[in-house]
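Note sheet for the following structure.
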Amino acid sequence: MELPSLVLLLFLLCCRLLFSGPVNAEMVSFYVTNKCSFPIWPATASNAGLPIVADGGFYLPSGGIQKIHAPFTWSGRIWARTDCNFSSSSKPACQTGDCDGRLKCNGVIGLPPVTLVQVALQQDKSKPSFYDVSLVDGYNLPVSVSTKATSPSCSIDGCTNNIKRMCPSELQVTGKGGEVVACKSACLAFNLDVFCCRNAYGSPEKCKPNMYSKMFKKACPDYYSYAYDSPPPLVSCSSNEYVITFCPSKWGDHAIM
């Protein structure tokens with residue numbers, strides 16, 4: 001390349017950087033942390049029309065932290081997959097939370113039962129964003145959510161009880177060795193309107209807590225236990241940095257398996 005052309009190219013590049021503003025100026029960060037005693041494969045699924053975050057999924061070793069970015073208008077869900085093997089052609093590739101056998105979910109929602117972190121970031125930064133942890137699709141791992149500058153009012157507890165240990169047999173999902181790896185919701189297990197809050201039961205007045213949702217609620221009060229859980233365990237806080245921790249530190253290794 002001739003010198004004048006090179007100088008012009010550098011000038012144009014500098015102008016672009018000058019007027020485009022700082023990188024990630026309109027981005028929010030999520031610090032995804034794995035405090036489980038085993039590796040996990042966190043995954044993301046964006047709501048319709050929104051960009052894929054963190055390629056839709058990634059590997060995270062025990063003790064690992066991965067910082068991922070999302071647009072400040074993003075909304076979607078984040079969950080963790082367990083016991084994955086992407087080296088074979090068999091599907092599903094993960095024991096829980098699988099997304100069509102892929103490492104990068106690319107918009108495919110994880111196969112329930114799975115503990116879901118649901119996020120709705122506000123476009124207007126003067127308004128709070130919303131997030132919650134849902135067991136409406138069942139449970140596979142405990143998770144806590146907070147802002148980076150942790151405030152009690154902006155935190156969702158990691159849940160001290162292991163639902164897999166107390167899961168009734170009719171809701172259990174077992175692994176290859178017969179161990180309980182996840183717990184279904186009543187809706188997922190029985191597919192009945194009364195448990196799924198649909199049709200004739202599609203209102204808070206008609207769809208009441210059942211024995212299974214009450215078990216979830218007693219074990220994890222800060223999580224959504226079923227569709228019309230009340231009062232809604234929804235947190236509203238504005239921040240540029242959030243922390244999502246799977247298997248929070250209050251859990252001993254023995255409690256996770």
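Dividing the radius of gyration of the alpha carbons in segment 19-123 by their Kirkwood radius gives 1.00 for Rg/Rh. Taking amide H positions as modeled 1.01 Å from N, with prolines and chain starts lacking one, the residues under 5 Å from Ser129 and 5 or more places away or on another chain are Gln122, Cys237, Ser238, Ser239. Modelled spin-label separation between Asp193 and Leu234, with each label point placed 7 Å from Cα along the Cα-to-Cβ direction: 2.6 nm. Around the amide H of Arg81, modelled in the peptide plane, lie the amide H atoms of Trp41, Ala43, all under 5 Å away and 5 or more residues distant in sequence or on another chain.
Kindly state, to the nearest 0.05, the FRET efficiency for Lys218 paired with Lys127, given R0 = 35 Å and r defined as their beta-carbon distance. For Lys218 and Lys127, the calculated efficiency is 0.60. Using only the Cα atoms of segment 194-247, build the gyration tensor, take square roots of its eigenvalues as a ≥ b ≥ c, and label the shape rounded, prolate or oblate: rounded if a/c is under 1.5, else prolate if a/b is larger than b/c, else oblate. Cα axes put segment 194-247 in the prolate bin.
The share of C-alpha pairs in segment 71-133 whose separation exceeds 17 Å stands at 48 percent.
Taking a straight Cα-Cα cut-off under 30 Å and skipping sequence neighbours fewer than 8 places away in the same chain, the lysines within cross-link reach of Lys35 are Lys67, Lys91, Lys104, Lys148, Lys164, Lys176, Lys184, Lys214, Lys217, Lys218, Lys250. Averaged over its residues, segment 75-157 has an accessible area of 42 Å² per residue, based on protein heavy atoms and a 1.4 Å probe.
Ordering 230-241, 207-218 by mean Cβ neighbour count within 10 Å, with the highest value first, yields 207-218, 230-241.
How high is the relative contact order of segment 81-239, in percent, with contacts defined as C-alpha pairs under 8 Å that are six or more residues apart? About 22 percent, as a whole number.
The values are calculated or read from the model by the stated rules, or taken from the named source; none is laboratory data. Given the structure is predicted, the values throughout are model-derived calculations rather than measurements. Cβ atoms come from the backbone with ideal geometry, glycine included; neighbour counts cover every protein chain shown. SASA here: full protein model, heavy atoms, side chains in, ligands and nucleic acids out. Shrake-Rupley method; radii C 1.70, N 1.55, O 1.52, S 1.80 Å.
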